Structures are given as structure tokens and as C-alpha cells.
Amino acid sequence: MAESTEKVESGSDARRRILNIAVSTVLLETGFDAADKMSLETLTEMLQCFFTEVGNSAKGYCELSGRVEPVLGDVVMALINMGISLQGLEQYAARPNRHVIQPPLQASAPRTPAMLSAGSKAKPAPHIPFHLPPLPDPHAYIRTPTHKQPVTEYEAIREKAASQKRDIERALTKFLAKTSETHNLFNTEDNQVFPLIACKPTFPAYLPCLLPTDQVFDFDELEYHFQVANRTEDMPPDKKGDQSDNEGENMGDNENPNSSQLDVQDTTMASSPERSKAGG
Amino acid sequence: MIIETVPLSRMGSPSVIEDDAGAGHALSDFLLQLENYSPSIPDSVVAHYLNASGFESQDPRLIRLIALASQKFLSDIANDALQHCKMRTSSQITQSSKNQKGPKEKKYVMSMDDLAPALQEYGIVARKPHYFV
């Protein structure tokens, strides 16, 4: 017999197997020790056909006499019609060596797991018939607001807008002071107390937007590569101060790029306090 | 539960009616005996096959009766097949000179050769297929 590799077999297979067992039981009681597979299958098939035939004709006899539920007489008629004699049935029932097969265990129906269920389903109203499907989860049809009612008072809105504007400005200036170049308010090297955003105008101002450049991770390294690539020992000196970029990317063909940066800073340092006052 | 004993033939002669009525009574008595009897085939399996052909009964005794009848049917066929098998093996043993297999150690294996003639007596023709489709 082909072994079923699945754990759960279909209902028809299980019943067929039980019929197989029943036939084997009968054969054992008769005196056989083994049976051919084909003959076992033949007898099982006969048994199944027997049940079907008896059920069919008993149902027919029952309906013939105008009833719906079959009765002993219908079954007897069906059996006799098939040619099965009922004479020795009692003796057969009382035979000594009979085995009883265990009825098949009821497999529990796999419960579909309640997925994504939020809350319990509401009871249907009494005017709804009971055979209709249950109500869906309450979140599917109950409306709850997602946010509070916003304040529409003029004063509150003006105040909110003003505080937001101030917060944005403050945060942005702090960010620029920490990330970009800064001027020092006092004449010290320490830049932490009052950093001012460096104001380095370039001419033209739209030039860095027009020239696309890669992101620079390390300015010193970039300058080194740039210098190595563009050595200008024999270049005319008028090209040195041409490019002054506040980002410091295109430092020009200078041998002392750091000094030039400091020069630029010093020249603009005088004017920066007045400018930064307005922006600080 | 009221058991109806339907007379098997109302148009027959009085003697026949009595016989049939007697048989009907016997069967209804037997039905009472079936209350505690459990045949080899489980009730649920038999009920399923009967339901599949339209026969639904709330009375488990009817189902047990049918199960018992089917069992008896099968055992009759099996008995006939056993007879055929014994005839064949006894003829084989008398043909062979070895006497190792005594009558006690005989193992009967049912094959289609025994089953086919047994079924033929019942009018069922079981033919072996030439090939598997």
C-alpha cells in the first residue's frame, strides 16, 4: 500500500483505510493468514459499493411509500432485493471470535488563527437574523478622530507662528555656527563662546551653484591632491588671489593655502562684527 | 421509538403473510438486540457511506444492521474463497513429495485465483486488468 507522507490524510482515505481493516478482519476470522493486495482492494471496493447500493435502494423504498426517514422494512427490502439473505444473521452476530475496530478519532478542524483582530466583535442587533455572518471587527466601521481639534484662535496662532519662527532661526544659526566656518567675536583663538557665522562673500555668488562638485570629506587631503595635480611653480603670480571661496574647495594654485585663508579672514574680520551683529 | 414492521407483501396468501410477518417480528426483535452490539465496522464509517447515497437514519441500529449484513456477505465470500484455496493447496501438496507443510502449519493466502471463482458464484465478475492505465 502506498504510504501517505502527509500527516493529515483526507477523510475519504481514512474511511477507505478503515474499510480495508474491516475486510482484513473478516478474512482473518475466516481463516486466511494473508491476502493478495488486489483481492483485498477488490473486497474493499465491493464493500463500499455494497453500502452505496443498500443506501440507495433503501432510500428509494422509503420514498416510494411516501416517507422521508428510512425504516427497518426499507432496509430489509433493499437487502432482499440485492440478494442478500438475512437468515443466518443472528447466528453470525453471535459468533465467538469477532474483532471490533476502533472508530476513527475525530480530527479537530483547524481553527483559522484570528489575524489582525482588534477588539471583540459586537453582538448583532435583535432585528438581524442569526444565520447571517457575524459583524466585522469594530475598528472597521467605528470612526475615531486621529488628532485633537486644532486651535483656531487668532492670538494663539500668531503666538505659535512667532515662536516657531524664532526657534527655527535659532536652531539654524546654531547649526551653521557649529558646522561651517566661524568668526570669533573676541580676539582669542577659542571659538566656543560666541561663534559667529563667517560671512565670506564670493563673486559671483551664484558660482558654486553652477559648478557641480563632489562632496569633500577632508579638506587637507583634497588640497594636497589638488596641489600635487596642479603644481604651479612656474605659473605667473597673478593667478594666486583670484579664487577665494568661502567653502575652501577651490583654493587656487597657492603654495601656502592656509596663509591665504588667514589673509582672507583678517581682511573681512574688521567688517564682520558689524555684519554678524545683525545676523546674531 | 416505535418500530414499524412493514409486511413484506400484502398481496400474498395468508400463509405467506404469516411467514413474512414472523420474519419481520424476528428482525425487529433482532433490532432490539443490536442496541448493545457493535459490529466490526465502526458506525461512523458506515453512516458516512450511507449518507453519501442519500440514506440518513437517526437510528444507529439500522446502521448496525446494514454493517452486520455486509460483514456476513463478505464472510460468506471469504469462506468460499477459503474452500477454493484449500482445494488448490491440498492438490499441490499431494502433487509435491515433500511433506514439510503439515496441515497445522498451512498458511492460506488469498489471491485473485481464489476470489474470482468465489465471486462468480455470486454473480460478480472480477476481471484482472491487463495493464494499469
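The numbers here are math on the coordinates, done by the rules we state, and not lab data. Not measured: the values here are computed from a predicted model. Ideal geometry is used to build each Cβ from the backbone, glycine not excepted, and the neighbour counts take in all protein chains shown.
Quick look at the values:
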read-out: Spacing of the two label points (7 Å from each Cα toward its C-beta) at residue A:56 and residue A:210, in nm; value: 9.6 nm
read-out: Cβ crowding within 10 Å averaged over residues, with B:68-80, B:117-129, A:130-142, A:21-33 ranked highest first; value: B:68-80, A:21-33, B:117-129, A:130-142
read-out: For segment A:160-175, 3J(HN,Hα) per residue [Karplus equation, 6.51 cos²θ - 1.76 cosθ + 1.60, θ = phi - 60°, Hz, x = Gly/Pro]; value: 4, 4, 5, 5, 4, 4, 5, 5, 4, 4, 5, 5, 5, 5, 4, 4
read-out: Label-point separation in nm, residue A:162 to residue A:68, each point 7 Å along Cα→Cβ; value: 8.5 nm
read-out: Extension reserve of the residue B:33-residue B:128 stretch, reckoned as 0.36 nm per residue once the Cα distance is removed; value: 30.1 nm
read-out: Efficiency of FRET between residue B:53 and residue A:149 - r from beta-carbon atoms, R0 60 angstrom, step 0.05; value: 0.30
read-out: Label point distance in nm, residue A:20-residue A:80, each placed 7 Å from Cα along Cα→Cβ; value: 3.8 nm
read-out: Hz values of 3J(HN,Hα) by residue in segment A:29-44 - Karplus curve (6.51, -1.76, 1.60), Gly and Pro given as x; value: 5, 5, x, 6, 9, 8, 9, 5, 5, 5, 5, 5, 5, 4, 5, 5
read-out: For residues of A:22-30, the mean tally of beta carbons on other chains within 10 Å; value: 6
read-out: Contour excess over end-to-end distance, with Cα ends at residue A:128 and residue A:218 and 0.36 nm allotted per residue; value: 25.0 nm
read-out: Efficiency of FRET from Cβ geometry, residue A:227 and residue A:176, R₀ 41 Å, rounded to 0.05; value: 0.90
read-out: Packing-based exposure ordering (other Cβ within 10 Å, fewest first) of A:175, A:226, A:217, A:51; value: A:217, A:175, A:226, A:51
read-out: Residues with amide H under 5 Å from that of residue A:35, placed H, sequence gap 5 or more; value: B:110
read-out: Neighbour-count order for A:89, A:210, fewest beta carbons within 10 angstrom listed first; value: A:210, A:89
read-out: 5 angstrom amide H check on residue A:184, placed H, neighbours 5+ away; value: none
read-out: Residues residue B:25 and residue B:106, FRET efficiency given R0 of 51 Å [Cβ-Cβ distance, rounded to 0.05]; value: 0.70
